[in-house]
Amino acid sequence: MKKIPYNTALISGKELSYIQQVINNKQLSGNGIFTQKCHGWLEKNIGCQKALLTHSCTGALEMAAILCNIQPRDEIIMPSYTFVSTANAFVLRGGIPVFVDICLDTLNIDESLIEEAITSQTKVIVPVHYAGVACEMDKIMAIANQHNLFVVEDAAQALLSSYQDKPLGSIGHLSALSFHETKNIISGEGGALLINDQNFIERAQIIWEKGTNRHQFFQGIVDKYTWVDIGSSFLPSELIGAFLYAQLEKCKFINRKKKLLWNYYHQGFIELEKKGIIRRPIIPLNLKHNAHLYYLLLPSLAVRQNLIKYLKENDINTVFHYIPLHSSPAGKKYGRANTELNVTDDIADRLLRLPLFPTLDYNDCQKIIDLITKFFKK
Ligand SMILES: *Cc1c(COP(=O)(O)O)cnc(C)c1O
């Protein structure tokens with residue numbers, strides 16, 4: 001029987017010819033023609049002031065932590081239900097992640113719990129747009145403005161999703177995207193820092209190029225190329241930029257294909273939800289999402305274990321995430337939960353992610369729906 005994987009990378013078609021162009025041009029290091037084309041694409045389609053490609057979303061978040069000037073003991077408010085890099089990037093600068101609970105509908109940070117987590121040490125709020133579904137950005141930006149905090153959007157999963165017609169990644173002071181193989185648009189490993197606050201642009205370019213003023217030097221603004229700030233090698237090679245540009249050109253097509261499959265699942269699980277057995281994702285009004293992933297909330301951890309096993313026996317690979325950061329070994333050591341995180345603890349045990357990738361066959365999609373329906377009939 002044919003195995004259905006959780007994810008398969010989609011190759012859009014032009015990747016090799018763009019990489020060949022880079023090889024022909026013999027300019028392989030970063031910030032060449034394709035990297036700049038990617039920057040232009042992101043700036044145009046997301047509407048950020050400046051985009052910089054990075055090796056990963058992790059790298060983009062690390063740049064954001066440097067730009068926000070995180071000092072030892074500064075506090076960063078974020079959900080616990082997220083990938084480790086959301087927290088790690090700030091911990092590397094001595095910051096303390098302060099975890100708050102999530103909303104039961106979107107599984108995004110509960111904006112009504114942010115204010116009570118703010119102390120005199122708080123510097124940044126990091127909303128994570130889980131599954132490509134937007135956080136309540138109006139409220140979060142209002143809280144940040146009132147308390148003089150920065151907002152760094154972890155938009156790793158949210159390329160071309162929007163909040164009230166504003167693309168995600170264009171709202172916070174800084175935002176981070178991921179092009180990891182498991183995301184909608186990929187370059188193997190890859191990411192981007194998006195800048196929406198003019199004041200960050202010059203320093204971001206310096207941090208990006210190892211703490212040097214290389215950019216200003218090549219623009220003729222300064223006459224010496226030298227070490228001026230902390231930084232690292234955050235920029236990827238042109239080979240990555242070439243691959244990524246071929247993907248970005250197909251972004252709308254890829255998102256559309258995933259959306260159709262997402263809708264197919266959503267329709268297919270109505271009956272199980274009506275019977276009160278499972279819960280489907282909830283998308284608030286006024287949001288456009290990019291169908292990054294499809295999940296079900298199951299009755300319990302035991303049911304999840306049994307269902308994963310049952311699907312595996314039928315050659316279907318499903319996965320779950322995350323171990324909440326506040327209950328992980330490093331999360332306990334470096335961060336703190338502001339209160340009990342009841343919703344986080346509850347859903348982390350019950351969430352199951354189903355296969356969803358642009359080339360997934362509708363027959364396979366139907367097979368998964370039928371098997372899960374059959375499982376709950378038993
Ligand atoms: C994937 C992901 C990251 C990390 O992305 P990389 O590009 O692998 O570094 C960070 N945050 C969230 C929410 C993610 O889903």
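The values are calculated or read from the model by the stated rules, or taken from the named source; none is laboratory data. Keep in mind that this is a model prediction, so the values were computed, not measured. Here the Cβ is made from the backbone with ideal geometry for all residues, glycine too, and neighbour counts use every protein chain on show. All accessible areas refer to the heavy atoms of the entire protein, side chains included, with ligands and DNA or RNA removed. Shrake-Rupley method; radii C 1.70, N 1.55, O 1.52, S 1.80 Å.
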Evaluate the range 183-201: report whether one residue or more is more than 16 Å from the ligand (Cβ to nearest atom) and among the β-branched types (V, I, T).
-> yes
Name the residues in the range 22-50 that are touching a helix residue (DSSP H, G or I) at 6+ places or on another chain (Cβ under 6 Å), closer than 22 Å to H289 by Cα and either without any contact (Cβ under 8 Å) to a residue 24 or more places away in the chain or buried (at least 24 other Cβ atoms within 10 Å of the Cβ) (or both), would you?
-> C38
Residue count for the range 322-378, restricted to those that are closer than 17 Å to Y81 by Cβ, surrounded by 15 or more Cβ atoms within 10 Å (Cβ to Cβ) and among the basic types (K, R) | 2
Please enumerate the residues belonging to the range 51-83 that are open to solvent by 40 Å² or more (accessible area, probe 1.4 Å) and among the charged types (D, E, K, R).
-> E62, R73
Within the range 120-179, the residues that are at positive phi and either within 11 Å of the ligand (Cβ to nearest atom) or touching a Gly at 6+ places or on another chain (Cβ under 7 Å) (or both) are A131, G132
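Let me confirm something: among N263, N286, N290, which residue is within 22 Å of A156 (Cα to Cα), modelled with pLDDT under 95 and of a type outside the set (K, R)?
N286
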Set I240, I206, I254: member being farther than 20 Å from E153 by Cα, outside any loop (DSSP other than H, G, I, E, B) and within 16 Å of the ligand (Cβ to nearest atom) | I240
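Matching residues to (1) touching a strand residue (DSSP E or B) at 6+ places or on another chain (Cβ under 8 Å); (2) of a type in the set (A, V, I, L, M); (3) within 28 Å of A142 (Cβ to Cβ):
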| site | (1), (2), (3) |
| --- | --- |
| F179 | yes, no, no |
| I185 | no, yes, no |
| Q198 | no, no, yes |
| T212 | yes, no, no |
| F218 | no, no, no |
| V222 | no, yes, no |
Does the range 174-189 include one or more residues that are touching a residue at least 24 places away in the same chain (Cβ under 8 Å), touching an Asp or Glu at 6+ places or on another chain (Cβ under 9 Å), charged (D, E, K, R) and surrounded by fewer than 22 Cβ atoms within 10 Å (Cβ to Cβ)?
-> yes
Answer yes or no as to whether G211 is touching a residue at least 12 places away in the same chain (Cβ under 8 Å) and farther than 29 Å from N24 by Cα.
-> yes
